[in-house]
Amino acid sequence: MLLHIATVAVLVNIAIIELDSFYSLPPKKNSDIDFLSDESPLHRVFVYGTLKRGEPNHGLMKDTAHGYAKFLGLGKTTIQYPLVIATKYNIPFLLKKPNTGNYVFGEIYDVDSNMLKRLDELEEHPKLYERTEETVLLASKAALKLGKTFEEVNESTKAWIYFLPKFKSSLLDGAMYESYSNNGSHGLKYCENYEEAASLDDVL
């Protein structure tokens, strides 16, 4: 009888130790978002040109060597801006001249600090482009899959946008677009490369 009681006591002690160890463990990361929020905060970015899906520079967004980027859905500016295609490289520029042009459509991503740094390098922020945080409209990809229109499901959010703050006034004389596609009817194919990039002299 005493042996039986001793055995039960030992088993109870083992169970208590195991439970204590379990609850003392750090919580498991259940998603890449949880991990990233600890190691590198996420930043919301609105892209309108060559970084969009299917466009010439979108590969950068998908390359995990540059960091993390998650497509959230379609976006639209809440203020009208001139979206133009300019220079001999046919680069899409969003000019920092509010209340001129169109409400511009693009895509919205959450990116980590490494990816944001890479985007800053690509856009030559703050030397050429200037990144500012603006209020935009977001229609999530999940909502759009339900067959709803952008107007039916959009919500307001804050996102970084790369603007061209200084530019030749002549850039306002040409066509202004609601959205950009390298294969658009404008026929202006993007052709910038890393060896020969656009400079301030091309737009000022």
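For the cross-link pairs Lys88/Lys141; Lys88/Lys117; Lys127/Lys189; Lys52/Lys168; Lys70/Lys127, the ones whose C-alpha atoms lie over 32 Å apart are Lys88/Lys141. Remark: accessible surface ordering of Thr77, Thr149 (largest first) is Thr149, Thr77, probe radius 1.4 Å.
When +1 charges are put on Lys and Arg Cβ atoms and -1 charges on Asp and Glu Cβ atoms, the dipole computed for the stretch 55-175 relative to its Cα centre reaches about 160 debye. Once a ≥ b ≥ c are taken as the square roots of the eigenvalues of the Cα gyration tensor of the stretch 37-93, is the result rounded (a/c under 1.5), prolate (a/b larger than b/c) or oblate (a/b not larger than b/c)? Verdict is oblate for the stretch 37-93.
Counting 0.36 nm for each residue step from Thr135 to Ser170 and taking away their Cα separation leaves a gain of 9.8 nm. Working from label points 7 Å from Cα in the Cα-to-Cβ sense, the Asp120 to Thr100 distance is 2.8 nm. Near Pro56: Cβ cut-off under 10 Å, other residues only, Lys/Arg at +1 and Asp/Glu at -1. The net charge is 0. Full extension of the chain between Asn183 and Leu144 yields a length gain of 11.7 nm, computed as 0.36 nm times the residue separation minus the alpha carbon distance. Count Lys and Arg as plus one, Asp and Glu as minus one, and take only other residues whose Cβ is under 11 Å from that of Asn154; the net charge is then -1. The GluC sites (Glu not before Pro) of the stretch 75-162 include none that meets both conditions, a loop assignment by DSSP and at most 13 other Cβ atoms within 10 Å of the site Cβ. With the gyration tensor restricted to C-alpha atoms of the stretch 49-204, the semi-axes of the equivalent ellipsoid amount to 24, 19, 15 Å, longest first. Neighbours of Asn183 by Cβ distance under 10 Å: Lys/Arg scored +1, Asp/Glu scored -1, total 0.
Placing one equal scatterer on every Cα of the stretch 119-193 and applying the Debye formula, the log10 ratio I(q)/I(0) at q = 0.16, 0.20, 0.28 Å⁻¹ is -0.93, -1.17, -1.18.
The values are calculated or read from the model by the stated rules, or taken from the named source; none is laboratory data. Just so we're clear, the structure is a prediction, and the values are computed from it rather than from any experiment. Note that each Cβ is placed from the backbone with ideal geometry, even for glycine, and that neighbours are counted across all protein chains shown. These area figures cover heavy atoms from the full protein model, side chains too; ligands, DNA and RNA do not enter into them. Shrake-Rupley method; radii C 1.70, N 1.55, O 1.52, S 1.80 Å.
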